[in-house]
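Input: a single structure, listed below in structure tokens.
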Amino acid sequence: MFNLGEPLVVPDVFDIRSLHALRLGGAASDEWRVKEQTVNSDFERFQTGAAKYAAYLETPEGRLRLDLAFANLREFLPQPTHSLQALDVGGGTGAIAVRLAALGVRVTLLDTSEPMLDFAERSAQKAGVAEKITLKHGDAAQLANLFPAAWFDVVVCHNVLEYVEDPCAILRSAAGCLRDRSGVISVLVRNQAGEVLKAAIKDGDLAASEHNLSAEWVHESLYGGRVRLFAAENRQAMLAAASLAVTAERGVRVVSDYLPLSISRNAEYERVFELERKLGRRPEFCAVARYWQCLARRGSDVKGA
């Protein structure tokens, strides 16, 4: 049941496996079989990997990604926050949603994984903000059918577009959820340049580094599946297609992945965080960060703007 300030009728939603089954129409081509297997694999990792993802967010790497992205978002939240409605697309275990709710924001968290939503529910209860968060089980690919256009003041789309077949379509739908041009959308994706440096500097794998210069998809270590990389030109084209006007770009995890073992990522966490904040604001360092974050607003071409 929705808690968005007024009654909202939401249509039934197919999960991603049902959607692809309909597309197949019984006699599937080899191409569609491969696509279905890939999408099902992507779907299953989020069903079975909720505990693994929650544990990752407790590591220094996971904490930095979360803390830096939220700090960047907080800079651009419309004020006052207690009157805001936010949508967290693919919000997973609720780490961002809980923080927004603690600021007084009413948050709708959408995720396709019920185990992730279970984690989010427990986190919200533990933080005492359960009444501020509405959990919705659904697929981001069906975003346009789930919520009315121009409903939210804030839309969060962190580490979602890396895992979907059509990131441009999902970003367009997310942009259409913004109420007006005063709202803000935060997009966080894996940066291709950062993946090139990681393979060479951290992993010592020169072949992988060269491969990542032009690769669209690479293997990720957390779930063991594939993940999409975003180059600068792809990001700009995607934002333009969604009619989003960039307010700020930030780099997330510029140097922290490459620190020597003599620097404790736990004991020196605050110093590392502050350094990353400074580096992430500068375009030359943002360009090579592991993750690229964009804070944007609706442009005039978005439907309803």
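The values are calculated or read from the model by the stated rules, or taken from the named source; none is laboratory data. Quick caveat: nothing in here was measured; it's all calculated off a predicted structure. Here the Cβ positions follow ideal geometry from the backbone for every residue, glycine too, while neighbour counts run over all protein chains shown.
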* Residues satisfying the stated conditions in segment 145-161, i.e. part of a helix (DSSP H, G or I) and modelled with pLDDT under 95 -> Asn145, Leu146
* Structure fact -> Scanning segment 256-277 for residues that are exposed (fewer than 11 other Cβ atoms within 10 Å of the Cβ) and under 23 Å from the mean Cα position of the chain (by Cα) gives Glu274
* To do: Inspect segment 38-50 for any residue being outside any helix (DSSP H, G or I), closer than 29 Å to Gly251 by Cβ and either at pLDDT 95 or above or not β-branched (Val, Ile, Thr) (or both) and give the result as yes or no.
  => yes
* Asked: Only one residue in Leu161, Leu178, Leu171, Leu188 is surrounded by 16 or more Cβ atoms within 10 Å (Cβ to Cβ), touching a His at 6+ places or on another chain (Cβ under 6 Å) and of a type outside the set (Val, Ile, Thr), so which one is that?
  -> Leu188
* Structure fact -> When segment 216-237 is checked residue by residue, the ones that are buried (at least 16 other Cβ atoms within 10 Å of the Cβ) and either modelled with pLDDT of 95 or more or not aliphatic (A, V, I, L, M) (or both) are Glu220, Tyr223, Gly225, Arg226, Arg228, Leu229, Phe230, Ala231, Asn234, Arg235
* Asked: Within segment 85-101, how many residues turn out to be hydrophobic (A, V, I, L, M, F, W, C) and closer than 19 Å to Leu161 by Cβ?
  -> 6
* Asked: Given the structure, is Ala169 under 25 Å from Arg226 (Cβ atoms) and free of Cβ contacts under 8 Å to residues at least 24 places away in the same chain?
  -> no
* To do: Could you please find all residues in segment 162-184 being in a loop (DSSP other than H, G, I, E, B) and within 10 Å of Arg298 (Cα to Cα)?
  => Cys177, Arg179, Asp180, Arg181, Ser182, Gly183
* Structure fact -> For segment 104-127, the count of residues that are of a type outside the set (Asp, Glu), outside any helix (DSSP H, G or I) and buried (at least 17 other Cβ atoms within 10 Å of the Cβ) equals 8
* Asked: Only one of these conditions is not met by Ala140: (1) of a type in the set (A, V, I, L, M); (2) at pLDDT 95 or above; (3) out of contact with any Pro (no Cβ under 7 Å at 6 or more places or on another chain). Which number is it?
  -> (2)
* Among the helices (runs of 4 or more DSSP H) confined wholly to segment 224-298, which include 3 or more residues that are free of Cβ contacts under 8 Å to residues at least 60 places away in the same chain and out of contact with any strand residue (DSSP E or B) (no Cβ under 7 Å at 6 or more places or on another chain)? -> 232-241, 269-280
* To do: Have a look at Ala86, Ala130, Ala140, Ala95 and point out the one that is surrounded by fewer than 21 Cβ atoms within 10 Å (Cβ to Cβ) and hydrophobic (A, V, I, L, M, F, W, C).
  => Ala130
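Out of all the residues in segment 65-77, is one or more part of a helix (DSSP H, G or I) and at pLDDT below 95?
Taking segment 65-77 as the starting set, the residues that turn out to be part of a helix (DSSP H, G or I) are 65-75.
Those left that are additionally at pLDDT below 95: none.
No, every residue in segment 65-77 fails to be part of a helix (DSSP H, G or I) and at pLDDT below 95.
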